[in-house]
Amino acid sequence: MWKIIPNVMEKPDILARSINETLVMLGWSGGISFALGMFLGVVITVTKKGGVMEIPPLYQTLEKLINFLRSIPFIILLASLIPLTRLIMGTAIGVRGAIVPLVFGTVPFFARQIESALAELDPGVVEAALSMGSSPVEIIFRVYLKESVAPIARATTITAISLIGLTAMAGAVGAGGLGDFAIRYGHQRNQIDVTYVTILILALLVSVIQLSGNLIAAKNTH
Amino acid sequence: MITLENVCKTFDAKEGKVEAVRDVSLNIKQSEIFGIIGFSGAGKSTLVRCINLLERPTSGRVYIDGIELTGLSEHELRQARRRIGMIFQQFNLFASRTVFQNIAYPLRRGGLTSKGIGDKVHELLELVDLSDKETAYPSQLSGGQKQRVAIARALANDPNLLLCDEATSALDPQTTLSILKLLKKLNIQLGLTIVVITHEMSVVKEICDKVAVMENGFVVEQGEVFSIFANPKTHISQDFIDTTTNLSKINSLIEEKNAITSLKPGECVLKFRYLEKNAAEALVSTISRRFNIDVNIIFANLDWISGAPLGGLVSVVSGDRRGIDAAIEYLESKNVEVEVILDARADVENHTKCYGEA
């Protein structure tokens, strides 16, 4: 091992810390984004024209907000959110400082993914539920969400994987993580084996997420 | 039981306003099977959605069991909808739920224990003859089985009204028949009132007591199925009836100059239509014996509608001129409509008994 990846073997503690930082960022921002994005995705689905809780002004507003946030490149979002991050988290650097921009970068994307996942549901099924006297809230939980587990699992997989990409960029605000590890040692100090090991670890992480997403989707497709 | 009063429904489309339903008033009685027939785009699917207010009428009122649905709050309306079952052309089952869970869906609203729900679901499965499919998913079922599940689900809250939106249009003829039989059974066994939306006259003929014919959003004709079949007043009703008989094929045979239509002198082609419940009488053999004429049947179509025979036949009649005239007179006295389609009798004058299109 020392011969193949000498620079990595020199600092296993830093590698371990970087993996941990990446997982912490992923866990927190992923969890928060999942909840907010799901909520937003459901809201834009049901409030649009013809939805079960039609509220056009709300839909229009959210629609524009999502488009606006999605149009900002993440690295710029990161910089522009510094004051807000400081306000919310008390600091704009480190893992804590990265969570706010990661959430802002992920939620609009995930909301769109959820919207298209829910749009896969046959409108006839919603109509059938309405004809049985289901309320809008019942339709959200017992029809939209229950019937869309497979497409939601696929949407979550795509979002989680793109979130891993974002955490690497968050290294720019000193958040650490694997991306920061690879840039600092692999690129800046020309320790090429560090870069390759990082790539392998990220590939492994992505595979695990993709496999579990596929598994959940398959289990819920009948 | 159901009363629609001047119901109108207008949609705003890009091309301007679309009047899907125009000033429709209907009365549907308890335990009746009421058909609404029309070509696609006639507004029948919109009309049936105006009954349970899945589409809120632009104007007009809807009453069910004396309650004005159009005057209810959203919450009250949801309560009312639980007493109105509805089934659809595409079945609209929950794909991620088993047959059992699909039928249990409307039951899981509190009030029932899980054992109570189980018992009810089993009872419903038995009713629709699908007890062995409880754990199957919809994708594992045939079209007919899916519709049976949908019917069971629609009946879960013991409604007294079932709305069927083209419920058999996606099924093959045999399966259609079995679903129609099931609906008829439910109608008799449970006293269920059923509204059937369809574009197939054969469906109306099979199970409906009354029918309304729709065209361009209007109900152009309505009444007992038997009397509409016997005596349609509008062109469109006649068109629908023609789809269920082969009698009008004689016209294309004449156009094609088929050999059978080239008459010998003394022959004529007649079309008889039974207008009353007398087809059971042996009319053809009676006239051939009594008036000494030959009746060669080319087309015949007899159907049993609302418990009475209905239909007619097209035949080449040959014989003595006086015999034929007397036979026609005799048939008319028995309430059989006689139409002379082709005439090659000796000394043809304008035959006074020649009927135009009914």
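The values are calculated or read from the model by the stated rules, or taken from the named source; none is laboratory data. Only a predicted model underlies this, so the values are computations on that prediction, with no experimental measurement involved. Every residue, glycine among them, receives a Cβ derived from its backbone with ideal geometry; neighbour counts consider all protein chains shown.
Restricting to segment B:242-262, and then to whatever is touching a helix residue (DSSP H, G or I) at 6+ places or on another chain (Cβ under 6 Å) and not in a loop (DSSP other than H, G, I, E, B), can you tell me which residue is nearest to B:SER315 (Cα to Cα)? Talk me through it step by step, then tell me what you get.
First pass over segment B:242-262, keeping only residues touching a helix residue (DSSP H, G or I) at 6+ places or on another chain (Cβ under 6 Å): B:243-244, B:248, B:253-254, B:261.
With the extra rule that they be not in a loop (DSSP other than H, G, I, E, B), the set shrinks to B:253-254, B:261.
Details: B:LEU253: 13, B:ILE254: 13, B:THR261: 10 Å.
Per the criteria, the residue is B:THR261.
Checking the structure you have, find out if any residue of segment B:123-142 is part of a helix (DSSP H, G or I), farther than 17 Å from B:ILE179 by Cα, away from every other protein chain (no Cβ under 14 Å) and modelled with pLDDT of 95 or more.
yes
Testing A:ALA168 on (1) in a helix (DSSP H, G or I); (2) surrounded by 17 or more Cβ atoms within 10 Å (Cβ to Cβ); (3) within 14 Å of chain B (Cβ to nearest Cβ), one condition comes back false. Which one is that?
Going through the list (1) in a helix (DSSP H, G or I); (2) surrounded by 17 or more Cβ atoms within 10 Å (Cβ to Cβ); (3) within 14 Å of chain B (Cβ to nearest Cβ), A:ALA168 breaks only (3).
Out of B:GLU15, B:GLU5, I need the residue that is farther than 30 Å from A:ALA150 by Cβ and either modelled with pLDDT of 95 or more or in contact with a Phe, Trp or Tyr (Cβ under 8 Å, 6 or more places away or on another chain) (or both). Which one? I'd like the intermediate steps shown before the answer.
Numbers: B:GLU15 fails: either modelled with pLDDT of 95 or more or in contact with a Phe, Trp or Tyr (Cβ under 8 Å, 6 or more places away or on another chain) (or both).
Result: B:GLU5 is the single residue among B:GLU15, B:GLU5 that is farther than 30 Å from A:ALA150 by Cβ and either modelled with pLDDT of 95 or more or in contact with a Phe, Trp or Tyr (Cβ under 8 Å, 6 or more places away or on another chain) (or both).
Hey, among the residues in segment A:46-55 that are surrounded by 14 or more Cβ atoms within 10 Å (Cβ to Cβ) and out of contact with any Ser or Thr (no Cβ under 8 Å at 6 or more places or on another chain), which one's farthest from A:VAL173 (Cα to Cα)?
Here is the first cut: in segment A:46-55, the ones surrounded by 14 or more Cβ atoms within 10 Å (Cβ to Cβ) are A:46-48, A:51-53, A:55.
If we keep only those that are out of contact with any Ser or Thr (no Cβ under 8 Å at 6 or more places or on another chain) too, we end up with A:46-48, A:52.
Numbers: A:VAL46: 37, A:THR47: 37, A:LYS48: 38, A:VAL52: 42 Å.
If we take residues in segment A:46-55 being surrounded by 14 or more Cβ atoms within 10 Å (Cβ to Cβ) and out of contact with any Ser or Thr (no Cβ under 8 Å at 6 or more places or on another chain), then A:VAL52 is farthest from A:VAL173 (Cα to Cα).
Would you mind stating whether B:LEU302 is within 30 Å of B:SER40 (Cβ to Cβ) and in a strand (DSSP E or B)? Step through it out loud before you land on a result.
On the way: within 30 Å of B:SER40 (Cβ to Cβ): yes; in a strand (DSSP E or B): yes.
Against the criterion (within 30 Å of B:SER40 (Cβ to Cβ) and in a strand (DSSP E or B)), B:LEU302 qualifies.
For segment B:78-119, enumerate the residues that are of a type in the set (A, V, I, L, M), within 8 Å of chain A (Cβ to nearest Cβ) and assigned to a helix (DSSP H, G or I).
So in segment B:78-119, the residues of a type in the set (A, V, I, L, M) come out as B:80, B:84, B:86-87, B:93, B:95, B:99, B:103-104, B:107, B:112, B:117.
Filter once more, so that each one left must be within 8 Å of chain A (Cβ to nearest Cβ): B:80, B:84, B:86, B:93, B:95.
Within segment B:78-119, B:ALA80 is the sole residue that qualifies.
Checking A:SER33 against (1) small (Gly, Ala, Ser); (2) surrounded by 15 or more Cβ atoms within 10 Å (Cβ to Cβ); (3) more than 30 Å from A:TYR144 (Cβ to Cβ): exactly one of these is not met. Which one?
Among (1) small (Gly, Ala, Ser); (2) surrounded by 15 or more Cβ atoms within 10 Å (Cβ to Cβ); (3) more than 30 Å from A:TYR144 (Cβ to Cβ), A:SER33 violates only (3).
Go through (1) free of Cβ contacts under 8 Å to residues at least 24 places away in the same chain; (2) in contact with a strand residue (DSSP E or B) (Cβ under 9 Å, 6 or more places away or on another chain) and name the single condition B:LEU112 misses.
Going through the list (1) free of Cβ contacts under 8 Å to residues at least 24 places away in the same chain; (2) in contact with a strand residue (DSSP E or B) (Cβ under 9 Å, 6 or more places away or on another chain), B:LEU112 breaks only (2).
Got at least one residue in segment A:127-141 being away from chain B (no Cβ under 14 Å), closer than 17 Å to A:PHE104 by Cα and not small (Gly, Ala, Ser)? Talk me through it step by step, then tell me what you get.
First pass over segment A:127-141, keeping only residues away from chain B (no Cβ under 14 Å): A:140.
Now narrow it down to the ones that are closer than 17 Å to A:PHE104 by Cα: none.
Within segment A:127-141, not a single residue is away from chain B (no Cβ under 14 Å), closer than 17 Å to A:PHE104 by Cα and not small (Gly, Ala, Ser).
I need a count of the residues in segment B:169-192 that are assigned to a helix (DSSP H, G or I) and among the small types (Gly, Ala, Ser). Before the answer, list the steps.
Looking only at segment B:169-192, we keep the residues that are assigned to a helix (DSSP H, G or I), and these are B:173-190.
Adding the requirement that they be among the small types (Gly, Ala, Ser) leaves B:178.
Within segment B:169-192, residues that are assigned to a helix (DSSP H, G or I) and among the small types (Gly, Ala, Ser) number 1.
Determine if segment A:125-137 includes at least one residue that is assigned to a helix (DSSP H, G or I) and on the phi > 0 side of the Ramachandran plot.
Here is the first cut: in segment A:125-137, the ones assigned to a helix (DSSP H, G or I) are A:125-131, A:136-137.
Now drop any that are not on the phi > 0 side of the Ramachandran plot, which leaves none.
No.
Looking at B:VAL195, B:VAL203, B:VAL269, which one is in contact with a Leu (Cβ under 7 Å, 6 or more places away or on another chain), crowded, with 19+ Cβ neighbours inside 10 Å and part of a helix (DSSP H, G or I)? Before the answer, list the steps.
Details: B:VAL195 fails: part of a helix (DSSP H, G or I); B:VAL269 fails: part of a helix (DSSP H, G or I).
The match here is B:VAL203.
Report whether or not B:THR176 is within 30 Å of B:LEU125 (Cα to Cα) and modelled with pLDDT of 90 or more. Explain how you work it out, then say what you get.
Working: within 30 Å of B:LEU125 (Cα to Cα): yes; modelled with pLDDT of 90 or more: yes.
Criteria met by B:THR176.
Report yes if B:VAL219 is of a type in the set (Val, Ile, Thr) and in contact with a Gly (Cβ under 8 Å, 6 or more places away or on another chain), otherwise no. Full working, then the answer.
Values: of a type in the set (Val, Ile, Thr): yes; in contact with a Gly (Cβ under 8 Å, 6 or more places away or on another chain): no.
No; evaluated as a whole, the condition is false for this residue.
Could you check, for segment A:186-200, whether at least one of its residues is surrounded by 14 or more Cβ atoms within 10 Å (Cβ to Cβ) and at positive phi?
Taking every residue of segment A:186-200 in turn, none turns out to be surrounded by 14 or more Cβ atoms within 10 Å (Cβ to Cβ) and at positive phi.
Scanning segment B:215-241 for residues that are in a strand (DSSP E or B) and within 12 Å of the chain's Cα centre (by Cα), which turns out nearest to B:VAL317 (Cα to Cα)?
Here is the first cut: in segment B:215-241, the ones in a strand (DSSP E or B) are B:215, B:218-224.
Going one step further and asking which of them are within 12 Å of the chain's Cα centre (by Cα), we end up with B:222-224.
Values: B:GLN222: 36, B:GLY223: 34, B:GLU224: 33 Å.
Once the filter is applied, the top-ranked residue is B:GLU224.
Go through segment B:46-77 residue by residue and tally those that are closer than 26 Å to B:ILE188 by Cα and either within 11 Å of chain A (Cβ to nearest Cβ) or in a loop (DSSP other than H, G, I, E, B) (or both).
Qualifying residue count, segment B:46-77: 6.
Every residue in segment A:87-108 that is over 15 Å from A:THR22 (Cα atoms) and in contact (Cβ under 8 Å) with a residue 24 or more places away in the chain, please.
Initial filter on segment A:87-108 (over 15 Å from A:THR22 (Cα atoms)): A:87-92, A:104-108.
Selection gives A:ALA92, A:PHE104, A:GLY105, A:THR106, A:VAL107, A:PRO108.
Can you spot a residue in segment B:155-165 that is of a type outside the set (A, V, I, L, M, F, W, C), over 30 Å from B:GLN222 (Cα atoms), away from every other protein chain (no Cβ under 11 Å) and under 26 Å from the mean Cα position of the chain (by Cα)?
Restricting attention to segment B:155-165, the residues satisfying the condition of being of a type outside the set (A, V, I, L, M, F, W, C) are B:157-160, B:165.
Checking which are over 30 Å from B:GLN222 (Cα atoms) leaves us with B:157.
Filter once more, keeping what is away from every other protein chain (no Cβ under 11 Å): none.
No, there is no match, as no residue in segment B:155-165 is of a type outside the set (A, V, I, L, M, F, W, C), over 30 Å from B:GLN222 (Cα atoms), away from every other protein chain (no Cβ under 11 Å) and under 26 Å from the mean Cα position of the chain (by Cα).
Could you tell me which residue of segment B:143-154 is farthest from B:GLU123 (Cα to Cα), considering only residues that are more than 11 Å from chain A (Cβ to nearest Cβ) and touching a residue at least 24 places away in the same chain (Cβ under 8 Å)?
The initial filter retains those residues of segment B:143-154 that are more than 11 Å from chain A (Cβ to nearest Cβ), namely B:143-149, B:151-152.
Still in the list and also touching a residue at least 24 places away in the same chain (Cβ under 8 Å): B:143-144, B:146-149, B:151-152.
Numbers: B:GLY143: 21, B:GLY144: 19, B:LYS146: 17, B:GLN147: 17, B:ARG148: 13, B:VAL149: 12, B:ILE151: 13, B:ALA152: 9 Å.
That would be B:GLY143.
Tally up the residues in segment A:98-116 that are buried (at least 23 other Cβ atoms within 10 Å of the Cβ) and either farther than 16 Å from A:LEU166 by Cβ or over 16 Å from the mean Cα position of the chain (by Cα) (or both), please.
Residues that pass the stated criteria total 1.
I want to confirm something. Restricting to segment A:144-158 and keeping residues that are β-branched (Val, Ile, Thr) and surrounded by fewer than 22 Cβ atoms within 10 Å (Cβ to Cβ), which single residue is farthest from the other protein chains (Cβ to nearest Cβ)?
Here is the first cut: in segment A:144-158, the residues β-branched (Val, Ile, Thr) are A:149, A:152, A:156-158.
Filter once more, keeping what is surrounded by fewer than 22 Cβ atoms within 10 Å (Cβ to Cβ): A:149, A:157-158.
Details: A:VAL149: 7, A:THR157: 18, A:ILE158: 20 Å.
That would be A:ILE158.
Listed residues A:LEU69, A:LEU15, A:LEU58; which is in contact (Cβ under 8 Å) with a residue 24 or more places away in the chain and either closer than 30 Å to A:ALA129 by Cα or surrounded by 19 or more Cβ atoms within 10 Å (Cβ to Cβ) (or both)? Talk me through it step by step, then tell me what you get.
Details: A:LEU69 fails: either closer than 30 Å to A:ALA129 by Cα or surrounded by 19 or more Cβ atoms within 10 Å (Cβ to Cβ) (or both); A:LEU58 fails: in contact (Cβ under 8 Å) with a residue 24 or more places away in the chain.
Just a single option satisfies the conditions, and that option is A:LEU15.
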